[in-house]
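Inspection log for the structure reproduced underneath, given as structure tokens.
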Amino acid sequence: MEEYRLELRNVSKSFGEVQSLQNIDFKLGRNEIVGLLGDNGAGKSTLIKIITGYHQPTSGEIFFNGQKVDHLTVPKARELGVETVYQERALAELQTLWRNIFLGRELCNSFGFLDIQRMRDETHRLMTQSMGFTSHAVSPDSKVGKYSGGEKQGVAIVRALFFNADIVILDEPTMGLSLKETAKLVSFVNSIKEAGKSAIFIDHNILHVYNVADRVVVLDRGKVAGEFMTQHIGLTELMDKMVRVAETGSLN
Ligand SMILES: Nc1ncnc2c1ncn2[C@@H]1O[C@H](COP(=O)(O)OP(=O)(O)OP(=O)(O)O)[C@@H](O)[C@H]1O
Ligand SMILES: [Mg+2]
């Protein structure tokens, strides 16, 4: 049996009368980028909150690397390598780049003092080697507040990768980004894959997801309405199917 980094089997989630997720089967392979698509209220955020341990499913099973995990909590999910990159709010705008990268998980020397030089050096290495940052405006000591939206997302992704996230979750990362910034973000997301990690990329817009995702999962009203390998389906065909899902809740 192929082992997935993450697998949800038959997961349902209700909030009182509201059934937000119904019998969800979801898999994330190694080195795979999955696009999670769906309209407002489809259940995308609820699914992510189950994966990050924020919500417990009402029923169903969760496996990490083939091991069943009961009672997943936020710290446990983090320990298992799940990191979520939220929009800009995740960064301290008035702080320097290196402080943002190491915020809350600062490196210390053997005397227990902050090892500022090492954090600056690591930041420089990550920026140039992992992320291909070329702008002169971006240095370990520059303030994050003046970066473009795409660069800020890049910083958040670098942070996740540095702390050895195996599964990076991007929740609507293109929101508020320009076309150029979105293109940059896409190349950052590709660097997740090059680093041998996996990602879940959530978006309303199929155009943002299509080029970066290996597989696309479409949620509709709490159910998986369809699943496609992007290499096997053209963009126009996929868009047609999305319209059909929105109208009928199913692909058939
Ligand atoms: N904590 C909660 N209590 C009650 N209902 C909830 C809760 N969280 C989500 N829901 C309901 O579950 C359904 C799915 O919501 P969810 O936030 O997962 O959708 P979404 O796909 O992320 O939508 P959007 O694209 O608007 O962010 C909605 O009907 C929502 O009202
Ligand atoms: Mg949402």
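Got a sec? Which helices (runs of 4 or more DSSP H) wholly within segment 143-252 have at least 3 residues that are away from ligand 1 (no atom under 16 Å from the Cβ) and under 20 Å from Leu91 (Cβ atoms)?
149-162, 179-194
Restrict the check to segment 29-45 and report whether at least one residue is part of a strand (DSSP E or B), over 20 Å from Thr230 (Cα atoms) and away from ligand 1 (no atom under 16 Å from the Cβ).
No.
Restricted to segment 1-28, and to residues that are more than 15 Å from ligand 1 (Cβ to nearest atom) and basic (Lys, Arg), which residue is nearest to Gly66 (Cα to Cα)?
The residue in question is Arg5.
Would you check which residues across segment 47-77 are out of contact with any Gly (no Cβ under 8 Å at 6 or more places or on another chain) and assigned to a helix (DSSP H, G or I) and list them?
Residues satisfying the conditions are Leu47, Ile48, Lys49, Ile50, Ile51.
Which condition from (1) assigned to a loop (DSSP other than H, G, I, E, B); (2) touching a strand residue (DSSP E or B) at 6+ places or on another chain (Cβ under 8 Å) is the one that Ala137 breaks?
Result: Ala137 passes all but (2).
Hey, among the residues in segment 162-202 that are acidic (Asp, Glu) and closer than 20 Å to Gln129 by Cα, which one's surrounded by the most Cβ atoms within 10 Å (Cβ to Cβ)?
Across segment 162-202, the extreme among qualifying residues is Asp166.
Just so you know, all these numbers are worked out from the coordinates, no wet-lab data involved. None of the values given here were measured: they were computed from a predicted structure. All Cβ positions, even for glycine, are placed from backbone atoms using ideal geometry, and neighbour counts span all protein chains on display.
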